[in-house]
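The values are calculated or read from the model by the stated rules, or taken from the named source; none is laboratory data. Everything numeric here is computed off the predicted structure, so don't read it as measured data. Every residue, glycine as well, gets a Cβ built from its backbone with ideal geometry; the counts of neighbours run over all protein chains shown. Only protein heavy atoms, including side chains, enter the accessible area calculation; ligands, DNA and RNA are left aside. Shrake-Rupley method; radii C 1.70, N 1.55, O 1.52, S 1.80 Å.
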Amino acid sequence: MKLLVIGSGGREHALVWKLAQSPRVDEIVCIPGSAGIATEPKTECVSLNEEAGFSGWCRFAKDRQIDLTVVGPEAPLAAGMVDAFQKESLNIVGPTQAAARLESSKIFAKDFMSRWNIPTADYSTCDTADQALDFIQRCRYEFPWVIKADGLAAGKGVILAKDFNEAQDTLLHFMTEKIYGDAGARVVIEECLKGRECSFMVFSDGLHVVPMVPSQDHKRVFDGDRGPNTGGMGAFSHDSILSPAQRDQIMRTIVEPTFSGLRSEGISYRGILYFGLMLTARGPQVLEFNCRFGDPETQAVLMRLESDLAEILEAIPQQRLDRLKTTWSTKSSVCIVLASGGYPGSFEKGKQIQGLEGLTAHPDVKVFHAGTRKSSDQGEFETSGGRVLGVTASGVGLKQAAAQAYEVCKEIHFEGMHYRTDIGAALV
Ligand code: AMP
Ligand code: GLY
């Protein structure tokens, strides 16, 4: 089977790494991929002219006789890539543009949850700055208030405003100054939920749902969840993130009503759905939906997948997930992100990375590349992004997994490199 994977980050590296292990897979093409992804067996990275658009990608998939396409990031899903491929009868894993509104419009997602009684924070939606400013004058939620830009804002569109002034400033930035363009033209204002966060991803073929093991990410840049939010400084997966009772409750009160709601609204959801949850005293509540694999949760979760990922993904457009038995390791896994100096603020690129060569001595550790490239002169790996590498390990228990990952982090070096030292520690 020939696969096409769209994307270039640590999540896509993990997908390609796992797919390449499948005996069913002969060839993987990754657009655009990365120098790190290109090191995986059977894999080729290709840059396509972006102006070719989805019709160019469809042509490419036909010319290369691709059997199945897997989309990593949200932007192509929100822009209708799946619709374009389906129109050409090409097999693809991912929701249609209409279904991807669960991620691309927070207003759509909140109204959807309200229609189907899916537990989530109390909220109000505002279409104009005047309406929003008027709402906060009367708002009775306790501080902080959560203000969310409606559209995609690269993970920066959610602000927890600690007081009235910060809320007012945020609304002006989003709605009047339009710092995120049209994405912030409308907003959701919601109550702040308290508890522990959990990422719960499932495979869906429109008829059947197969849950993955639970995981948790660490969004803040510094230890102890301090400092600004990032794209994710690490993640871990461990069975005791959820008790069996919590898992059943999530399936019953959140996952099942979501898919039956989608079906009732005429949407056959064929892809990965990510439920960002808060485990509150009132039970699990939905913070957000993502219409794709999480990053960096996927790196930790795929480390525990024993089944053939290619077989699972192939079953999605064919709507036969029910015929597969998916098995997961009982081990735990931890992914630690090594970031560039200054990230999530501005940072320099082009720092040479040392220590990547001798890592085969650690069989339970895999280093996924998120922001690296080959230098033009010596062909060595150097940094090219804020999040550079995801050092991912499995072990018997979180403590062992974390210890193995941190041992490898100490062997890697680039100027300015920083990482959190407490990934998974809260549950150890
Ligand atoms: P989102 O992009 O909607 O996932 O929001 C990003 C992050 O903001 C979440 O992972 C939470 O840490 C936080 N967040 C979002 N909504 C809420 C809420 N209602 N209460 C508390 N924290 C929230
Ligand atoms: N880790 C959160 C996300 O993928 O959006």
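A compact table of results
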{"read-out": "Hydrodynamic radius (Kirkwood) for region 308-428, which is based on Cα pairs only, to one decimal in Å", "value": "16.2"}
{"read-out": "Inter-probe distance in nm under a simple model that places probes 7 Å from Cα toward Cβ, at ARG320 and ASP223", "value": "5.2"}
{"read-out": "Pairs beyond 23 Å (Cα-Cα), from LYS156/LYS374; LYS162/LYS194; LYS349/LYS410; LYS62/LYS87; LYS156/LYS178; LYS106/LYS219", "value": "LYS156/LYS374"}
{"read-out": "Inter-part distance where region 104-118 and region 5-72 are each reduced to a Cα centre, Å", "value": "32"}
{"read-out": "Cα-centre dipole for region 1-53 with unit charges at Cβ (Lys and Arg positive, Asp and Glu negative), debye to 20", "value": "280"}
{"read-out": "Under Karplus coefficients 6.51, -1.76 and 1.60, residue-wise ³J(HN,Hα) of region 281-288 in Hz, glycine/proline x", "value": "5, 8, x, x, 10, 8, 8, 6"}
{"read-out": "Point-charge dipole on Cβ atoms (K/R +1, D/E -1) for region 214-262, about Cα centre, debye to 20", "value": "120"}
{"read-out": "Semi-axis lengths, Å, region 202-329, gyration tensor of Cα atoms, sqrt of 5 times eigenvalues", "value": "25, 18, 14"}
{"read-out": "Where N is the number of residues in region 274-372, Cα Rg divided by 2.2 N^0.38 Å", "value": "1.42"}
{"read-out": "Distance histogram in 10 Å bins (all Cα pairs of the chain, percent per bin)", "value": "4, 21, 32, 28, 12, 2, 0"}
{"read-out": "Per residue, in Å², the accessible surface of region 1-129 once ligands and nucleic acids are set aside, probe 1.4 Å", "value": "39"}
{"read-out": "Kirkwood hydrodynamic radius over Cα pairs of region 9-140, then Stokes diffusion coefficient at 10 °C and 1.306 mPa s, in µm²/s", "value": "90"}
{"read-out": "Whole-number percent relative contact order across region 79-130, with pairs defined as alpha carbons under 8 Å at least 6 apart", "value": "22"}
{"read-out": "Cβ-Cβ FRET estimate between LYS87 and ASN117, R0 fixed at 45 Å, reported to 0.05", "value": "0.85"}
{"read-out": "Charge-dipole axis of the chain as Lys and Arg at +1 and Asp and Glu at -1 on Cβ define it, positive-most pick from ILE353, VAL71, PHE60", "value": "VAL71"}
{"read-out": "Student exercise, the chain dipole from Lys, Arg, Asp, Glu Cβ charges, in Debye to nearest 20", "value": "660"}
{"read-out": "Percent carbon-and-sulfur accessible area, region 216-288, ignoring ligands, DNA and RNA, probe 1.4 Å", "value": "50"}
{"read-out": "Probe 1.4 Å, protein heavy atoms only - accessible area per residue of region 314-427 in square angstrom", "value": "46"}
{"read-out": "Within the accessible area of region 103-188 (1.4 Å probe), percent carbon and sulfur", "value": "48"}
{"read-out": "Rg/Rh (Cα only; Kirkwood hydrodynamic radius) as it applies to region 79-183", "value": "1.06"}
{"read-out": "Region 374-394-region 119-133 distance, computed between alpha-carbon centres (Å)", "value": "41"}
{"read-out": "Area projected by the alpha carbon convex hull of region 124-201, averaged over all directions, nm²", "value": "5.5"}
{"read-out": "Mean residue ellipticity (222 nm) of the chain, computed from DSSP H runs ≥ 4 via -39,500 (n - 2.57), nearest 500", "value": "-7000 deg cm²/dmol"}
{"read-out": "Theoretical gain in end-to-end length, SER376 to THR128 [0.36 nm per residue, Cα-Cα removed]", "value": "84.4 nm"}
{"read-out": "Highest-MSF residue in the chain out of LYS106, LYS374, LYS87 [GNM, Cα springs under 10 Å]", "value": "LYS87"}
